[in-house]
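Below is one structure; the comments refer to it alone.
Laboratory data are not the source of any read-out in this text; all were calculated from the coordinates shown. Given the structure is predicted, the values throughout are model-derived calculations rather than measurements. Cβ sites come from the backbone with ideal geometry, for glycine too, and all protein chains shown count toward neighbours.
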Amino acid sequence: MTAALTPFESALAARARGFAGLPHRRMEAWKWTDVRAALREDFAPASETVIAPSVFASAGPFEILVMNGRAEWPATAPAGVTVSKGVGAAAMGHPLGDLAAALSDEALVITIEGAVAQPVMIRRVAGAGAVQARALIRLAPAAEATIIESFDGAGAFFSNSATDYDIGAGAHLTRIIRQDAGEAGVETAFAALILGEGAKLDQTALLFGGKLARMETRIAVRGAGAYVSMRSAAALSGARHADQTSLVAFNAVGGETRQIHRAALKDRARGVFQGKFLVARGSQKTGAQMHAGALLLSDMAEANHKPELEIYADDVKCAHGSTAGALDDDALFYMRQRGLSEDAARVLLIEAFLGEVFDGLPAGIEHILRGQLSRRLEAS
């Protein structure tokens, strides 16, 4: 039996043809991230909000501001970067990706050619209300770029975005994600990436969660010898929720993937990690490793991990693992004996646990993310 639509879902269904309802806990892929339950009430139309300068300002990015789904950017883009607006974006075969495609008035279109040194930042900001956003990004063969996706909002909001990436043969994308929906915001973001032959993706995410947040990535490895690195960290306190979900589907020989996820969870926070490697027939010489780890800093904190392998080729090396536990008492005692307060010692140990996610990033961006993490841990 299908549950009746909530008032908010009914309002969405009136605008999006074929919309059958928001994902909910009775759906296997969403059993720990119940979007329907988080959005039981309707929202007024999205409103403008006053925003502070971006936390990435010191990295000097070319900033594209997407305020409540509407994109604006400076008139002059870096050499090799073309930005425009498109319409009629196709469905994505994902419940929330399709919703964003159906309800976005326009799609942000970015094309990158050659080596672009200046980071390109898509800064998504949501005011109180509900908003949908769509983006299409293409890296030409042999292109190189760093793209920062920043997700922020104020008040009670629902922000849903969907992004397509086409990474050409031999191209290299460094994708940086920072997400913070506050205590009352619901943030869902879906990205579908296609990698050509010899393409490389380095993806790093820092999540601070929200009332509910889900950052989902689906990667299709379609060219031989493609490489994927996915690293993510979640620092959650209060009643915040963050879900890091990913699928890497190998459909070519010689693909390599390394994935790590780290979470520190305090109070009644909930962290979710769902990662899957799917190796299709004929995708020989695939090498893929995945590990998720969580620090539980209170009795009420909750970590839900679901690492998966689905393999149809026989010449592969694939592995996954998951751990959860508390801070090491011996390490905490050792640091206390050297004059640190208990709070300072705990922060340093948590930073060390989460911080490996940021190793090897461009220096300016690494400094920003580590600073963001440190300030959040000290405050909580």
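Listed values, structure above:
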read-out: Ala292 long-range amide H proximity, modeled H, under 5 Å; value: His261, Gly321, Ser322, Thr323
read-out: Relative contact order of the chain, pairs being alpha-carbon contacts under 8 Å that are 6 or more residues apart, as %; value: 10
read-out: Relative exposure of Ile112, Ile311, Ile365, judged by other C-beta atoms within 10 Å (fewest first); value: Ile311, Ile365, Ile112
read-out: 20 Å cut-off, amide nitrogen to a point 7 angstrom out along Gln284 Cα→Cβ, residues in the stretch 185-211; value: 197-198
read-out: Residues listed by number, the stretch 57-79, amide nitrogen under 17 Å from Glu106 label point at 7 Å toward C-beta; value: 63-77
read-out: Helical contribution to [θ] at 222 nm, DSSP H n ≥ 4, -39,500 (n - 2.57), averaged over the chain, rounded to 500; value: -4500 deg cm²/dmol
read-out: Equivalent ellipsoid, the stretch 157-245 (semi-axes from 5 times Cα gyration tensor eigenvalues, Å); value: 29, 12, 8
read-out: Cα pair distances exceeding 17 angstrom across the stretch 281-339, given as percent; value: 61
read-out: Segment Ala20-Ser341, extension gain: residue separation times 0.36 nm, minus the distance between their alpha carbons; value: 110.3 nm
read-out: Glu310 versus Ala115: modelled label distance in nm, points set 7 Å from Cα along the beta carbon direction; value: 3.9
read-out: Nearby lysines by direct alpha-carbon distance to Lys200 (threshold 20 angstrom, same-chain neighbours under 8 apart not counted); value: Lys276, Lys285, Lys317
read-out: Sorted by Cβ neighbour density within 10 Å, fewest at the top, the residues Val272, Val316; value: Val316, Val272
read-out: Residues of type lysines that Lys211 reaches as a straight line, Cα spacing below 19 Å, ignoring anything fewer than 8 places off in the same chain; value: Lys31, Lys266
read-out: In Å, descending, principal axis extents of the Cα set of the stretch 7-326; value: 53, 52, 42
read-out: Estimated FRET transfer efficiency (Asp329, Ser298; beta-carbon r; R0 22 Å; 0.05); value: 0.90
read-out: Exposure proxy ranking, count of Cβ atoms within 10 Å, fewest first, for Tyr227, Tyr312; value: Tyr312, Tyr227
